[in-house]
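Have a look at the structure below, then the notes.
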Amino acid sequence: MKTALITGATSGIGMEFARAYAAKGYRLLVTGRREDRLKQLQEELDVPVEYYIFDLGKKKECFALLDALKDETIDVFINNAGFGLAGSFVETDLEREISMVKLNDIAMHILFKGILQRMVAVDSGSILNVASSAGLLPGGPYMATYYATKAYVTSLTRAVAVELREKKSHVRVHALCPGPVDTEFNANADVVFALKGISAKDCVKAAIKGMDKRGVIIVPNFTMKLAVIAGYILPRSLAVKITGHQQKKKLAS
Ligand SMILES: NC(=O)c1ccc[n+]([C@@H]2O[C@H](COP(=O)([O-])OP(=O)(O)OC[C@H]3O[C@@H](n4cnc5c(N)ncnc54)[C@H](OP(=O)(O)O)[C@@H]3O)[C@@H](O)[C@H]2O)c1
């Protein structure tokens, strides 16, 4: 039986990944801070589910998770836990931003490297880092730090994918770059979507299809695909301005 590790499985995209890999017959290792949700998932799914309660915003707890998993062979790792924050950069809360950088980048990095080293040692496995289409655009006024955290994820994943290809490794790495997805993300980030969101289920379906096709950058929403292409074509200053205009519409009043 294959094993999938999923961080941030207590809601949204992570929870749908848990359901999708359970449907494929994988055994699951899931993480989050809300134990009741992980217990519910364990009861709901017909495959073996083991859960781990860790606050991945803390570096020590990221290493504790890797240590707890040291005897596991992980076939698929969905590096998903993350959150957003909206507002004008001069006004947003610094401590919350530091927490976001710690989770979206530091934890993502520690777990990516830790699990990747184990996969490379056996020359097998795939990792999906959950970024955002925010990470493909040149900047996001009014959600500036979040966009920057996700640019880190896409940049790191793209670079590592090339290194693995040059080593002729069978390990695959991918970055998932969705636009709006209907989850608890909005309420936590204090935004309302300007564009219609897709369901977490559709996002996960497109992500798994992209992984099967060995895509490195996977963009599940059609409108976001167009926006990302426009972001590559337009002068960067104009792309940032348009993104900021869209972003401003999302600020909860
Ligand atoms: N929804 C969107 O529109 C959208 C678009 C692009 C990218 N994304 C990305 O998709 C990923 C999943 O987000 P989502 O939309 O599914 O949001 P969500 O429903 O809020 O889920 C976030 C998950 O992250 C976990 N998490 C948050 N802080 C954590 C911490 N300190 N330690 C451990 N786990 C933590 C949460 O679990 P606990 O609270 O139980 O710890 C939860 O399971 C994120 O990386 C997000 O940036 C989302």
> Given a Förster distance of 30 angstrom, what is the FRET efficiency for H109 paired with S88, based on the Cβ-Cβ distance and rounded to 0.05?
Replying inline: 0.65
> What accessible area per residue comes out for the chain, rounded to a whole number of Å², with a 1.4 Å probe?
Replying inline: 50
>> Once R0 is set to 25 Å, what does the formula 1/(1 + (r/R0)^6) return for the Cβ-Cβ distance between D212 and S155, expressed as a FRET efficiency to the nearest 0.05?
In response: 0.55
> Computed FRET efficiency, Cβ-Cβ of R27 and K225, R0 30 Å: what is it to the nearest 0.05?
Replying inline: 0.35
> Once the other residues with Cβ under 10 Å from the Cβ of D123 are scored (Lys, Arg +1; Asp, Glu -1), what is the net sum?
Replying inline: +2
>> Of the candidates T149, T243, T157, which one comes out as most mobile in a Gaussian network treatment of the chain with C-alpha springs shorter than 10 Å?
In response: T243
>> Percent of Cα-Cα pairs more than 15 Å apart in the stretch 36-98, please.
In response: 68
> How much length is gained if the chain between K249 and D71 is pulled fully straight, taking 0.36 nm per residue apart and subtracting their Cα-Cα distance, in nm to one decimal?
Replying inline: 59.3 nm
> Under a Cβ-Cβ cut-off of 15 Å, what is the net charge of the residues other than Y232 that fall near it, where Lys and Arg count +1 and Asp and Glu count -1?
Replying inline: +3
> Structure shown: which of K24/K201; K59/K113; K102/K250; K102/K213 lie over 19 Å apart, alpha-carbon to alpha-carbon?
Replying inline: K102/K250; K102/K213
> Considering only the other residues whose Cβ falls under 14 Å of the Cβ of S199, what net charge follows from Lys and Arg at +1 and Asp and Glu at -1?
Replying inline: 0
>> Tell me the mean residue ellipticity at 222 nm calculated for the chain from its helices only (DSSP H runs of n ≥ 4, each -39500 (n - 2.57), averaged over every residue, nearest 500).
In response: -15000 deg cm²/dmol
> Given 0.36 nm per residue, what is the gain on full extension from E184 to R236 after removing their alpha carbon distance, in nm?
Replying inline: 15.7 nm
> Expressed as a fraction of 2.2 N^0.38 Å, the rule-of-thumb size for a compact globular protein of N residues, what is the C-alpha radius of gyration of the stretch 3-250?
Replying inline: 0.97
>> Translational diffusion coefficient of the stretch 187-244 at 10 °C, 1.306 mPa s, Stokes-Einstein with Kirkwood Rh over Cα pairs, in µm²/s as a whole number.
In response: 119
> What are the ³J(HN,Hα) values, in whole Hz, obtained from phi via the Karplus relation 6.51 cos²θ - 1.76 cosθ + 1.60 with θ = phi - 60°, for each residue of the stretch 3-10 in sequence order, with x given for Gly and Pro?
Replying inline: 10, 10, 9, 10, 8, x, 8, 7
>> If you split all Cα-Cα distances of the stretch 136-253 into 10 Å bins from zero, what percentages do you get per bin, shortest first?
In response: 13, 40, 35, 11, 1, 0
> Want the number for Q40 to S199: 0.36 nm per residue separation, take away the alpha-carbon distance, what's left?
Replying inline: 55.2 nm
>> With an 8 Å Cα cut-off and a minimum separation of 6 or more residues, compute the relative contact order for the chain in percent.
In response: 18
> Largest first, what is the accessible-area ranking of I115, I217 with a 1.4 Å probe?
Replying inline: I217, I115
> Carbon-plus-sulfur fraction of the accessible area of the chain, 1.4 Å probe, in percent?
Replying inline: 54
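The values are calculated or read from the model by the stated rules, or taken from the named source; none is laboratory data. On a predicted model such as this, the values are computed, not experimentally measured, just so you know. Ideal geometry is used to build each Cβ from the backbone, glycine not excepted, and the neighbour counts take in all protein chains shown. Ligands, DNA and RNA are excluded from the accessible area calculation, which covers all protein heavy atoms including side chains. Shrake-Rupley method; radii C 1.70, N 1.55, O 1.52, S 1.80 Å.
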